[in-house]
Amino acid sequence: MFDISLLRCFVTVAEEMHFGRAAERMNMSQPPFSRQIQILERILDVQLLERTSRSVKLTPAGHSFLPEARHILQLLDNATLLAKRVALGKTGSLKIGFTAMTAVGILPRLVAGFRETFPHAELILQEANSADQLRKLHSAEIDIAIVRPPLPPMALQSLCLATESLMAAIPASHALSAKSKINLQDFAGEPFISYLPYEAYYLCTMVGDLLAKAGVTPNTVQKLTQVHAVMALVHADIGVSIVPEGARRFSRFAANRGYSAQALGAFHGMARRQSEPPCFPNDRVGAKNRFGQRIEADLDFQRVNAEISGDGLSALPR
C-alpha cells in the first residue's frame, strides 16, 4: 500500500516531463521528489519513467499507469469535495410533497430559492393532497410536506408559510357577480360546489362551518377535492363556491377579493418529522434542515393578516 502523494508526484512529472519543474509544482526540492518516484516504482515493482541527464519519458508501463493514476486522484478529489458539501448541507437530495394549489402559489419561489442556495442538491417533488402527504411523511417517503391544516397529533415540526383569505367564486354570467360584496346569505338556494370531507377535509370543514354559522344550508350539487377543479365547474356555470384567495389564478370569469375574519384564513404550512435532529449526518437531510431555516427566514412577509369586513365575501373584479 502506498501514500496517495506518490501518485500525485508521478502524475505531475508525467505532465511536466521534467523533474525540476515537477518538484517545483509540488513545492518540493528535487532530491526528495525523485525519491518519491523511486519509492512508487519499488512498490509497484515496475519502471514507470526512463531518465537520462537530458530527458524524461514514460515507459510502456508508465503510459498504462498514468490514466489509472489520474482516475484514482480524481475519485479522491470528488469524494473530498462531496464530503465537504454534505457537511455544509450543500448537496444531497430533498423530497418535498406539495398540493396543486401550492404549485401555482408559493412553490415556484421556494424551488428557486432552494436551487440558488443549494445548486448541487437534488430536489424531488411529489404532488399529493394534504392527507396523502402526511402519510408519506410518516413513512419517510418524503422529507417535507407543504400542506393545509389540521396537522395530526404525530411527531412533526411545522411552520406557517403563508396565509390567505377566502373568496366567493361566482360565474361571470351570474347575477351575484355584479355585486361588490356578497353576503353569505346570498348563497342560500344557490347551486353550491363544495369539497369532499376526507380528501379536502380542511376546506370542507372550514366552508361548512362558515355557512352553518351564517344559517345557510347550501344546495350542494358537486363535491370535489382540488380547488382548480372547483373553479373549472364555476366557470362552466355549474354553481357557486367559496375558495382560497390563491384560486384567483384560475379565474377568467368571476371575482374573489376575500372573506375576512382572521380565524377563517386558509394557510399553507410546512411539516417535517420531529424525530430528526437539528444537525443531520447524512446527505439528504443536511440540506433539508437548512432549507427549513431558509423558508422560515424568507417567508415572514407571506404571513397575511386578514382584515375583518363583516359577513361579506367580495366578488372578484373581472
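State all residues of segment 203-224 that are touching a residue at least 40 places away in the same chain (Cβ under 8 Å) and crowded, with 18+ Cβ neighbours inside 10 Å; if no residue qualifies, say none.
Pass one, segment 203-224, residues touching a residue at least 40 places away in the same chain (Cβ under 8 Å): 203, 206-207, 210, 214.
LEU203, MET206, VAL207, LEU210 - these are the residues of segment 203-224 that are touching a residue at least 40 places away in the same chain (Cβ under 8 Å) and crowded, with 18+ Cβ neighbours inside 10 Å.
Selection of first residues in segment 34-62 that are in the same structural domain as ALA14 (by TED's automatic domain parsing) and of second residues that are loosely packed, with under 14 Cβ neighbours inside 10 Å and among the hydroxyl-bearing types (Ser, Thr, Tyr), restricted to Cβ pairs under 8 Å at least 6 apart or on distinct chains, gives the following pairs, ordered by first then second residue: GLN36/SER5. When segment 27-55 is filtered for residues that are modelled with pLDDT of 90 or more and either surrounded by 16 or more Cβ atoms within 10 Å (Cβ to Cβ) or part of a strand (DSSP E or B) (or both), the ones remaining, listed by number, are MET28, PHE33, SER34, GLN36, ILE37, LEU40, GLU41, LEU48, LEU49, GLU50. Candidates LEU161, LEU134, LEU123: the one that is over 21 Å from GLU245 (Cβ atoms) and either in contact with a Leu (Cβ under 6 Å, 6 or more places away or on another chain) or assigned by TED's automatic domain parsing to the domain that holds VAL207 (or both) is LEU123. Of ALA112, ALA140, ALA145, ALA131, all but one fail to be farther than 30 Å from MET17 by Cβ and either over 21 Å from the mean Cα position of the chain (by Cα) or assigned to a strand (DSSP E or B) (or both); the exception is ALA145.
The values are calculated or read from the model by the stated rules, or taken from the named source; none is laboratory data. The shown structure was predicted, so the numbers you read here are calculated from the model rather than taken from an experiment. Because the Cβ atoms are built from the backbone with ideal geometry, glycine has one as well, and the counts that use them run over all protein chains shown.
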